[in-house]
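Please treat every number below as a calculation from the coordinates, not as lab data. Model, not experiment: these values are computed from the prediction. Virtual Cβ from ideal backbone geometry, glycine too; neighbours counted across all protein chains shown.
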Amino acid sequence: MLKLHFAPNSRAGRILWLLEELGLPYELNRMDFHPKDLKSDEHRARHPLGRVPVLDDGDVSIYESGAIVEYIIARHTDGALKPAVDSPLYPEFLQWFHYCEGMVMPPVNTIVVQTVLLPPERRNEEALGQAQRLLSRALIPVNEALEGKDYLIGDFSAADIMLGHACFMSNRLGCVADDMTNLKGYVERIAARPAFQTAINA
């Protein structure tokens, strides 16, 4: 059985969401988002930097959320949540799948560091403001791409697992402007999915 090493309010939520969407059986090792769990010798043996998610599948252990999403779809489905390579939607799928970590999550990471993780006396308002502006700009193409669509490539796909989770987090951080109506509606649709609710409340 698949075993997911998980901490709340992290990228591990993507993997739990995916497993729920696919209806795959799994075991959850829930840890606190705290050094006592993530930086323990036990967890560092799974991930050298003490991060989540980590997925165990028999003799396979793999980390990095995007890699885990691709692994699960390739090894445990018959092509679910991903267009065929020869589909005209495939290039767009790949673009949004990777846009998440390339463009959206770097400023999200900085915002979380500057508003949550660092003590107030170590926070940098200039770094925070720059990250907020970068994130707002990065979300504009997503808002435009969602015009007339429920999901990024039309039907729900693994690109939504990656980027949809990031958009939800961006909205929670107050960085999705009210005039981004397509993106606001998208976040609402993501949040209403039962599998997402299970993952976000875990």
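Read phi for every residue in region 10-18 and hand back ³J(HN,Hα) as whole Hz from Karplus 6.51 cos²θ - 1.76 cosθ + 1.60, θ = phi - 60°, with x for Gly and Pro.
9, 5, 4, x, 4, 6, 4, 4, 4
In nm, to one decimal, how far is the modelled label at THR181 from the one at THR198, with both set 7 Å along Cα→Cβ?
It is 3.4 nm.
Using unit Cβ charges (K, R positive; D, E negative) and no other charged atoms, how large, in debye to the nearest 20, is the dipole of region 90-193 about its Cα centre? Before the final figure, lay out the partial values.
Numbers: 9 positive and 13 negative charges, 54 e Å.
That gives a dipole near 260 debye.
So for HIS43, HIS98, fewest C-beta neighbours within 10 Å to most, what's the order? Mind dumping the intermediate values first?
Numbers: HIS43 21, HIS98 14.
Exposure proxy ranking, most exposed first: HIS98, HIS43.
Remind me, relative contact order of region 2-76 in percent, using alpha carbon pairs under 8 angstrom and six or more residues apart?
Working: 104 pairs, mean separation 26.4, N = 75.
About 35 percent, as a whole number.
As a footprinting exposure proxy, order TYR99, TYR71 by other Cβ within 10 Å, with the fewest listed first.
Working: TYR99 20, TYR71 16.
Listing TYR99, TYR71 from fewest to most nearby Cβ atoms yields TYR71, TYR99.
Go through region 1-83 and name the trypsin sites (Lys or Arg not before Pro) that are in a DSSP coil and have 14 or fewer other Cβ atoms within 10 Å of their Cβ. The partial results should precede the final answer.
Numbers: sites: LYS3, ARG11, ARG14, ARG30, LYS36, LYS39, ARG44, ARG46, ARG51, ARG75; in loops: ARG11, LYS39, ARG46, ARG51.
Counting only loop positions with at most 14 other Cβ atoms within 10 Å, the trypsin sites (Lys or Arg not before Pro) in region 1-83 are LYS39.
With a cut-off of 8 Å between alpha carbons and a minimum separation of six or more residues, what is the relative contact order of region 90-193 in percent?
Normalised by residue count, the contact order of region 90-193 is 31 percent.
From Cα pairs below 8 angstrom and at least 6 apart in sequence, can you work out the relative contact order of the chain, rounded to a whole percent?
On the way: 244 pairs, mean separation 44.8, N = 202.
With pairs under 8 Å counted, the relative contact order is 22 percent.
Quick one: ASP150, ASP78, fewest Cβ neighbours within 10 Å first, how do they rank? Write out the running numbers ahead of the final one.
On the way: ASP150 12, ASP78 5.
Arranged by neighbour count, lowest to highest, ASP150, ASP78 become ASP78, ASP150.
Under 5 Å between amide hydrogens, which residues at least 5 positions from VAL54 or on another chain qualify, with H placed 1.01 Å from N in the peptide plane?
HIS5
Can you match log10 I(q)/I(0) by the Debye sum over Cα atoms at q = 0.08, 0.12, 0.18 Å⁻¹ to one of these, [x] -0.24, -0.56, -1.29; [y] -0.27, -0.62, -1.34; [z] -0.31, -0.66, -1.26, based on a calculation from the structure here?
Given [x] -0.24, -0.56, -1.29; [y] -0.27, -0.62, -1.34; [z] -0.31, -0.66, -1.26, the calculated one carries the label [y].
Across region 102-117, in residue order, what do the Karplus-derived ³J(HN,Hα) couplings come to in whole Hz, using 6.51 cos²θ - 1.76 cosθ + 1.60 with θ = phi - 60° and x for Gly and Pro?
x, 10, 8, 6, x, x, 4, 4, 5, 4, 5, 4, 7, 10, 10, 7
How large is the dipole of the chain about the Cα centre if only Lys and Arg carry +1 and Asp and Glu carry -1, each at its Cβ, rounded to the nearest 20 debye? Show your work: numbers first, answer last.
Numbers: 20 positive and 27 negative charges, 112 e Å.
Value, rounded to 20: 540 debye.
Where the centre of each part is set by its Cα atoms, how far does region 146-169 sit from region 74-129, in angstrom?
Taking the Cα centre of each part, region 146-169 and region 74-129 sit 12 Å apart.
Dipole of region 2-76, Cα-centred, from +1 at each Lys and Arg C-beta and -1 at each Asp and Glu C-beta, to the nearest 20 debye?
Numbers: 10 positive and 12 negative charges, 53 e Å.
With only Lys, Arg, Asp and Glu charged at Cβ, the dipole is about 260 debye.
Can you give the extra length, in nm with one decimal, that the chain gains between ALA191 and ALA80 once fully stretched, where that is 0.36 nm per residue apart less the Cα-Cα distance? Show your work: numbers first, answer last.
Details: separation 111, 0.36 × 111 = 39.96 nm, distance 2.06 nm.
Gain in length upon complete extension: 37.9 nm.
Amide H of LEU2: which non-local residues (sequence gap of 5 or more, or other chain) have their own amide H closer than 5 Å, using H built in the peptide plane?
GLU27
Report the gain in length on full extension from SER136 to ASP155: 0.36 nm times residue separation, minus Cα-Cα distance, nm rounded to one decimal. Don't skip to the end; give the middle numbers.
Working: separation 19, 0.36 × 19 = 6.84 nm, distance 2.49 nm.
The span from SER136 to ASP155 would gain 4.4 nm if fully extended.
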